[in-house]
Amino acid sequence: FIPKEEQIRKFIFWEEDTGRELGVMYLDLHPRPGKYTHAAHFTVRCGCLKNGPGSEYQQPIVALVCNMNTGQASFSSHQEVETFFHELGHALHSLLSRTNFQHLSGTRAAMDFVETPSHWMEHYAWCEDFLPLLATNANGEPIPEPLVQGLSRSRNKFRFLEMQSQIVLANFDQIVFGARQGQRVSPKEVWALIHRQSGVPFADGTHWFTNVGHLVTYGAGYYGYLYSQIFASGIWNELFHKKSMERMSGEKIWKKLLIHGGARDANVMLEDLLGHKPTVEHYWKSLQE
C-alpha cells in the first residue's frame, strides 16, 4: 500500500501537432520504506519498431524515481530539484527518441555523450526566467526576484572544486579500467596517488571511491560525465539562454538530437543542432560568470 501523498503519478505524452502518442512516464518522487534510496531514470520499455520497417511502433515507458522532501520540510531543496531535472533529461531522451531498434533507443547512446540531455535540463534549475514558475510559496506567490538572482549567482561557488573532483574520478576510472598490460593495481593506492597529484585533500586509509556507483556502470567512460557538460552548456547558451520556454528551441533539440537516441553519431547530431562543431567556449564562460 502506498499512501496517497506518496503515490506514483502516470503521464501519457502526446504530440500536439499530429495527435500521436509518444509514450508514458511514471513519476515516483517521494521516499517510503523499502524504496530505492537514490535518484534515477529507468526504462521500463524501450521504443522501437515491433516487426521491422513499416510495422507498428512500440511506445516507450519510462520511470523517474527520486526521493524528494526527505527531511521534515514540506518543500524540496534546490539540490533535490536540480537532481530531478537531471533525471528528467534522461527520461525525456528515452521517451522522445524514435529508433528502429530498442538497443539504440534513448539513453542507449555513446557513453561520453549520454549525459548531455541530463546536464542540459539541469540548467532549468538555475534559470532566472524559469525559477519563478518553478518555486512558489503556499499562497502561490513566485520566488522573489532578489532571491532568484542570488541563487543564480551562487552556482559557481566551489564549482572549480567540483570540477577538480570530477577530474580525479575520471583519472581514477581510466587507470582502474584501462589497459594495464597484465599488471595488477591497488584501487586504494591509485586513489591516494591521484589525489596527491591533483592537490585534492585525501584522508589516508579511506576508500571513498567505493561509494561512486557510476565507476562500475561507466567503467572507463566516467570522463563523459564532465565531458557532456561542455555539450550541454553549448546547447543551453545557443538555444535556450533567455528563451528557455520557447517552443522552437524545444522542437529543435527534439528533432535534431533526442529523437535519434543512440542511432546517430553524437558529433553529427551536435553539429547539426548547433550549426557548428561543439567547443568549450560557452562552458568556460559559464564558469567565469
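Scanning the stretch 33-54 for residues that are touching a helix residue (DSSP H, G or I) at 6+ places or on another chain (Cβ under 6 Å), assigned to a loop (DSSP other than H, G, I, E, B) and over 13 Å from R98 (Cβ atoms) yields one hit, A39.
Among the candidates S233, S249, the residue that is open to solvent by less than 80 Å² (accessible area, probe 1.4 Å) and either in contact (Cβ under 8 Å) with a residue 24 or more places away in the chain or closer than 28 Å to T37 by Cα (or both) is uniquely S233.
Against the condition within 18 Å of Q79 (Cα to Cα) and out of contact with any Phe, Trp or Tyr (no Cβ under 9 Å at 6 or more places or on another chain), how does F160 come out, does it pass? In short, yes.
Picking from residues in the stretch 136-152 that are closer than 27 Å to S228 by Cα and without any contact (Cβ under 8 Å) to a residue 24 or more places away in the chain, the one that is least open to solvent (accessible area, probe 1.4 Å) is V148. Among the residues of the stretch 213-230, those that are open to solvent by 30 Å² or more (accessible area, probe 1.4 Å) and either over 20 Å from E122 (Cα atoms) or hydroxyl-bearing (S, T, Y) (or both) comprise G213, V216, T217, G219, A220, Y223, Y225, Y227.
A quick yes/no check of all residues on (1) farther than 25 Å from L134 by Cβ; (2) open to solvent by 50 Å² or more (accessible area, probe 1.4 Å); (3) small (G, A, S); (4) under 17 Å from the mean Cα position of the chain (by Cα):
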{"site": "V24", "(1), (2), (3), (4)": "no, no, no, no"}
{"site": "G34", "(1), (2), (3), (4)": "yes, yes, yes, no"}
{"site": "G47", "(1), (2), (3), (4)": "yes, no, yes, no"}
{"site": "K50", "(1), (2), (3), (4)": "yes, yes, no, no"}
{"site": "Y57", "(1), (2), (3), (4)": "yes, no, no, no"}
{"site": "I61", "(1), (2), (3), (4)": "yes, no, no, no"}
{"site": "C66", "(1), (2), (3), (4)": "no, no, no, yes"}
{"site": "N69", "(1), (2), (3), (4)": "no, no, no, no"}
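A count restricted to the stretch 260-278 and to residues that are open to solvent by 30 Å² or more (accessible area, probe 1.4 Å) and touching a Ser or Thr at 6+ places or on another chain (Cβ under 6 Å) stands at 1.
The values are calculated or read from the model by the stated rules, or taken from the named source; none is laboratory data. Just so it is clear, the structure is predicted and the values come from calculations on it, not from any experiment. Reconstructed Cβ throughout: ideal geometry from the backbone, glycine too, with neighbour counts over all protein chains shown. Accessible surface areas use protein heavy atoms only, side chains included; no ligands, DNA or RNA. Shrake-Rupley method; radii C 1.70, N 1.55, O 1.52, S 1.80 Å.
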